[in-house]
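S.K.: Would you mind keeping the following structure in view while I ask a few things?
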Amino acid sequence: MKYIDEFRDGDLARGLAATIAREVDPARRYRLMEFCGGHTHAISRYGLNDLLPAAIELIHGPGCPVCVLPIGRIDSAIELANRPGLILCSYGDTLRVPASGRLSLIKARAQGADVRMVYSCAEALTIAQQEPEREVVFFAIGFETTTPPTAVVIKQAAALGLKNFSVFSNHVLTPAAMAHIMESAASVSLDGFIGPAHVSTIIGSRPYEAFAERYRRPVVIAGFEPLDVMQSILLLVRQINRGQARVENEFTRAVTPDGNVKAQACVDEVFELRDRFAWRGLGEVAHSALAIRDAYAAYDAERRFDIPMRVVADARACECGAILRGEKHPAQCKAFGTGCTPEHPIGACMVSSEGACAAHYTYGRFRQPAAAPATESKS
Amino acid sequence: MSRREFTQAIDFRHGRVDMTHGGGGRAMAHLIEALFVKHFDNALLREQNDGAAFALPPGTGRMVMATDSHVVSPLFFPGGDIGCLSVHGTVNDVAMAGGQPLYLAAAFIIEEGFPLADLERIVVSMARAAREAGVPIVTGDTKVVEQGKGDGVFITTTGIGVAAPGIELSGDRARPGDAILLSGSLGDHGVAIMSARENLALDSDLVSDTAALHRLTAAMLECAPGLRCLRDPTRGGLASVLNEFADQSECGMHLREEAIPVKPQVAAACEILGLDPLYVANEGKLVAICPPEDAERLLACMRAHPQGRDAAIIGEVTADPNHFVQMSTRFGGVRMVDWLTGEQLPRIC
């Protein structure tokens, strides 16, 4: 497969691994957080840990859009789906996220709700056009990558004058969550960040500069291929060894400093910042999510159906919160692999293939559980 | 041939199935005669009894029986259709138990309003597949359900076959050190179906691998009578078969990613759709486990057969109390190849 295999080359990987092993200081540890679930997935699927020296510890971050969706929002989506005549559309993984009362959208569907899995939000718009007598709601989730397409369908719905289409927006923002982790997790020592791939194609590399400067942590934006991740680890090791905290861009084939300006403008036209938004695991994070602007209020499901912002506590047995903050490894959760499995997830990290728990369960659980994270700061 | 007189020929060009075609009366008899008996034509079916009675070939060891329902969507896809698929699926299930299939039964559940032209196309395809496999369809059943209560047509086929004395294939017979063989490239069927679905406009020349494998299995059993396990990786793909074997045999498996054949079109489509070829369905491939000393001989035998040209030794059985299936990645790491979670592609066969 051209343009793909080059980034999965085993010989290059071994070469990079040797360089990393040569450059790490064996007397210290390098605790690196990959923010994105896409990186978590690549690390697990290609067995990257087997290639890295023991000094490097990869911490899974909260960058899995399904995982950070709070229970209250899923409850609201289920309520919407249960309205007579309403069609609720969403992406596949969202359907399996556990909500209150052992429900999920897929269970609501089995009980008669009209919940449809779509591959793109454009499909939801098409359904609205095909069934003009029914209300169609697109349950929108995701980081900056999936926001522009949602903005586009809202603009299209407005242009078409559709009266039966609306969007339940749960779009969230990456830089705010990264900052939140550094602000709140005093006990966690993170030495550097592998920065988002696809998110950065939209927002560019510039938004991380203030972060790197403020928290004195290097950020290396990396693609989702395994060699990208290896290369970014090498760049992080070099910065950490030199005491630097810069933003570097390993993913130059897709990410520019300014990102996709056209997409940003489109998002800006349709969405505005929420004052705060509850994330699963992280709690309330200021300026971390997007709501639909007044100009497009007619397409805002929250207003059309008067959906309140409700906060529901996470399941008590579930360590998703600590795992999303990088404080715990999936294997350190008591429910992991016993009460909580991909078939019967308790927490959201076990739902999406990008979730830290699902990735570890599916690809890595033959390994010994990771050691407890260090408590004292090293950088 | 017909004892009955039917006043009007069935309009197979423009006609549609209606409730009378499943009602047990003259219309149903007419359809059976003008369609099923005509195309599936064989001595046992011609008797038109409710069941078929036949003698077993001399020297029969054990009998093998298998059944399979087919609900694939779309009904016609690149490289095949529900008709030939329903023959191959059951022939293969009999073959994987070490049997040589003798006869098939076919049951149709047809939705009212289904075009007779499509039904005939499916039946002709089934008849051709059965003829090519040398396994006649000797009995069957036809039911019609109201519009909206089915989706075109569902076909259930049941096969019966015989296994030679001494052949003992079972998923619980794998032993540490055994070799794992695969008969050809993974994922062709699943990706061909996906590319034929309307909401995914994948433009590909890939066709389904749907095929009957009983001649390949006969050759393999002759070459390596000590063969331990055989299974066709349909829904859930290679990963599911190996996890089943690992659980049944209480052992682990270790694969080498670079040894597993995957066509570039399949790899590319899986990349786009976020699928893993290890989990995508096949309809003309098999997985075999044999003692290590038989592996090279068995591989040569498979490669000499048209359905095993691309066969490969893809890994070995290990001792593992956790019964994990693991894989050395091309990249140089190790990962698990776990059970499939949820459903990867609905209505694939």
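The values are calculated or read from the model by the stated rules, or taken from the named source; none is laboratory data. Quick caveat: nothing in here was measured; it's all calculated off a predicted structure. Methodologically, a virtual Cβ is constructed for each residue, glycine included, from the backbone with ideal geometry; neighbour enumeration extends over all protein chains shown.
S.K.: When you scan segment A:109-126, how many residues do you find that are charged (D, E, K, R) and not in a helix (DSSP H, G or I)?
M.R.: Final tally of qualifying residues: 2.
S.K.: Now for a different question. Report yes if A:Val136 is in contact (Cβ under 8 Å) with a residue 40 or more places away in the chain, of a type in the set (A, V, I, L, M), within 14 Å of another protein chain (Cβ to nearest Cβ) and over 22 Å from A:Glu272 (Cβ atoms), otherwise no.
M.R.: It is false that A:Val136 is in contact (Cβ under 8 Å) with a residue 40 or more places away in the chain, of a type in the set (A, V, I, L, M), within 14 Å of another protein chain (Cβ to nearest Cβ) and over 22 Å from A:Glu272 (Cβ atoms).
S.K.: Still on this structure, please answer the following. Give A:Gly38, A:Gly47 a once-over and let me know the one that is in the same structural domain as A:Arg238 (by TED's automatic domain parsing), closer than 30 Å to A:Ala140 by Cα and not hydrophobic (A, V, I, L, M, F, W, C).
M.R.: Among A:Gly38, A:Gly47, only A:Gly38 is in the same structural domain as A:Arg238 (by TED's automatic domain parsing), closer than 30 Å to A:Ala140 by Cα and not hydrophobic (A, V, I, L, M, F, W, C).
S.K.: Would a scan of segment A:63-84 turn up a residue that is part of a helix (DSSP H, G or I) and within 10 Å of chain B (Cβ to nearest Cβ)?
M.R.: no
S.K.: Still on this structure, I have one more. For A:Val261, are the conditions met, namely being without any contact (Cβ under 8 Å) to a residue 12 or more places away in the chain, farther than 23 Å from A:Ala99 by Cβ and among the β-branched types (Val, Ile, Thr)?
M.R.: Here the answer is yes, as A:Val261 does meet what is asked.
S.K.: For segment A:95-144, give me the residue count where each residue is under 21 Å from B:Leu275 (Cα atoms) and of a type in the set (Ser, Thr, Tyr).
M.R.: 2
S.K.: Going through segment B:264-282 one residue at a time, which ones are within 9 Å of chain A (Cβ to nearest Cβ) and of a type in the set (Phe, Trp, Tyr)?
M.R.: none
S.K.: Check off (1) outside the structural domain of A:Thr40 (by TED's automatic domain parsing); (2) more than 22 Å from A:Arg303 (Cβ to Cβ); (3) surrounded by fewer than 18 Cβ atoms within 10 Å (Cβ to Cβ) for A:Glu133 and give me the number that stays unchecked.
M.R.: (2)
S.K.: Of everything in segment B:296-323 that's aliphatic (A, V, I, L, M) and surrounded by 14 or more Cβ atoms within 10 Å (Cβ to Cβ), which residue is farthest from the other protein chains (Cβ to nearest Cβ)?
M.R.: Residue satisfying both the conditions and the ranking: B:Leu298.
S.K.: For segment B:324-340, how many residues meet the condition of being at the interface with chain A (Cβ under 7 Å from one of its Cβ atoms), at negative phi and not in a strand (DSSP E or B)?
M.R.: 6
S.K.: I'd like the full set of residues that are within 12 Å of another protein chain (Cβ to nearest Cβ) and surrounded by 14 or more Cβ atoms within 10 Å (Cβ to Cβ), limited to segment A:99-119.
M.R.: A:Ser104, A:Ile106, A:Arg116, A:Met117, A:Val118
S.K.: Looking at segment A:129-165, which of its residues are of a type in the set (D, E, K, R) and outside any loop (DSSP other than H, G, I, E, B)?
M.R.: Residue satisfying the conditions is A:Lys155 alone.
S.K.: Across segment B:5-41, which residue is farthest from B:Thr142 (Cα to Cα) among those that are modelled with pLDDT of 90 or more and β-branched (Val, Ile, Thr)?
M.R.: Here the answer is B:Ile10.
S.K.: Let me ask something additional. What single numbered condition from (1) within 13 Å of chain A (Cβ to nearest Cβ); (2) closer than 27 Å to B:Thr90 by Cα fails to hold for B:Asp232?
M.R.: B:Asp232 satisfies every listed condition except (1).
S.K.: Also, quick follow-up: For A:Thr126, indicate whether it is free of Cβ contacts under 8 Å to residues at least 12 places away in the same chain and either of a type outside the set (Gly, Ala, Ser) or in contact with an Asp or Glu (Cβ under 8 Å, 6 or more places away or on another chain) (or both).
M.R.: Yes: the conditions hold for A:Thr126.
S.K.: Being under 16 Å from A:Trp279 (Cα atoms), buried (at least 22 other Cβ atoms within 10 Å of the Cβ), under 17 Å from the mean Cα position of the chain (by Cα) and among the small types (Gly, Ala, Ser) narrows it down to one residue among A:Ala358, A:Ala348; which is it?
M.R.: A:Ala348
S.K.: Give A:Ala297, A:Ala286, A:Ala291, A:Ala322 a once-over and let me know the one that is outside the structural domain of A:Thr150 (by TED's automatic domain parsing) and either more than 16 Å from the chain's Cα centre (by Cα) or more than 18 Å from A:Ser169 (Cβ to Cβ) (or both).
M.R.: A:Ala322
S.K.: Oh, and also: Working carefully through the options B:Glu293, B:Glu258, find the one that is farther than 30 Å from B:Val71 by Cβ, within 14 Å of chain A (Cβ to nearest Cβ) and in a helix (DSSP H, G or I).
M.R.: When all the criteria are applied, what remains is B:Glu258.
S.K.: Right, here's the next one. From the list A:Pro226, A:Pro149, exactly one residue is of a type outside the set (D, E, K, R) and crowded, with 22+ Cβ neighbours inside 10 Å. Which is it?
M.R.: A:Pro226
S.K.: Filter segment B:155-180 down to residues that are within 22 Å of B:Phe324 (Cα to Cα), touching a helix residue (DSSP H, G or I) at 6+ places or on another chain (Cβ under 6 Å) and in a strand (DSSP E or B), then give me how many there are.
M.R.: Selection size over segment B:155-180: 1.
S.K.: Separate question: May I ask you to verify whether A:Ile194 is within 25 Å of A:Val153 (Cβ to Cβ), touching an Asp or Glu at 6+ places or on another chain (Cβ under 8 Å) and not aromatic (Phe, Trp, Tyr)?
M.R.: Considered against the rule, which asks whether it is within 25 Å of A:Val153 (Cβ to Cβ), touching an Asp or Glu at 6+ places or on another chain (Cβ under 8 Å) and not aromatic (Phe, Trp, Tyr), A:Ile194 comes out as no.
S.K.: Whether any residue in segment A:264-281 is touching a Ser or Thr at 6+ places or on another chain (Cβ under 6 Å), assigned by TED's automatic domain parsing to the domain that holds A:Leu88 and either surrounded by 15 or more Cβ atoms within 10 Å (Cβ to Cβ) or farther than 19 Å from A:Ile56 by Cα (or both) is what I want to check.
M.R.: Yes.
S.K.: Name the single residue, out of those in segment B:27-80 being assigned to a loop (DSSP other than H, G, I, E, B) and under 19 Å from the mean Cα position of the chain (by Cα), that is nearest to B:Ala106 (Cα to Cα).
M.R.: The residue in question is B:Val71.
S.K.: Here is a follow-up. State which residue is surrounded by the most Cβ atoms within 10 Å (Cβ to Cβ) when the search covers only segment B:230-255 and only residues that are part of a strand (DSSP E or B) and within 17 Å of the chain's Cα centre (by Cα).
M.R.: B:Leu230
S.K.: When segment B:165-194 is examined, which residues are found to be more than 18 Å from B:Cys290 (Cα to Cα) and more than 22 Å from the chain's Cα centre (by Cα)?
M.R.: If the condition is that a residue be more than 18 Å from B:Cys290 (Cα to Cα) and more than 22 Å from the chain's Cα centre (by Cα), then B:Pro165 is the only one that fits.
S.K.: Run down B:Glu258, B:Glu250 and say which single residue is under 30 Å from B:Ala269 (Cβ atoms), out of contact with any Ser or Thr (no Cβ under 7 Å at 6 or more places or on another chain) and not assigned by TED's automatic domain parsing to the domain that holds B:Ala97.
M.R.: Testing whether each residue is under 30 Å from B:Ala269 (Cβ atoms), out of contact with any Ser or Thr (no Cβ under 7 Å at 6 or more places or on another chain) and not assigned by TED's automatic domain parsing to the domain that holds B:Ala97 leaves just B:Glu258.
S.K.: To continue, here is another question. Take segment A:1-26 and flag every residue that is more than 9 Å from chain B (Cβ to nearest Cβ), hydrophobic (A, V, I, L, M, F, W, C) and either on the phi > 0 side of the Ramachandran plot or assigned to a helix (DSSP H, G or I) (or both).
M.R.: A:Phe7, A:Leu12, A:Leu16, A:Ala18, A:Ile20, A:Ala21
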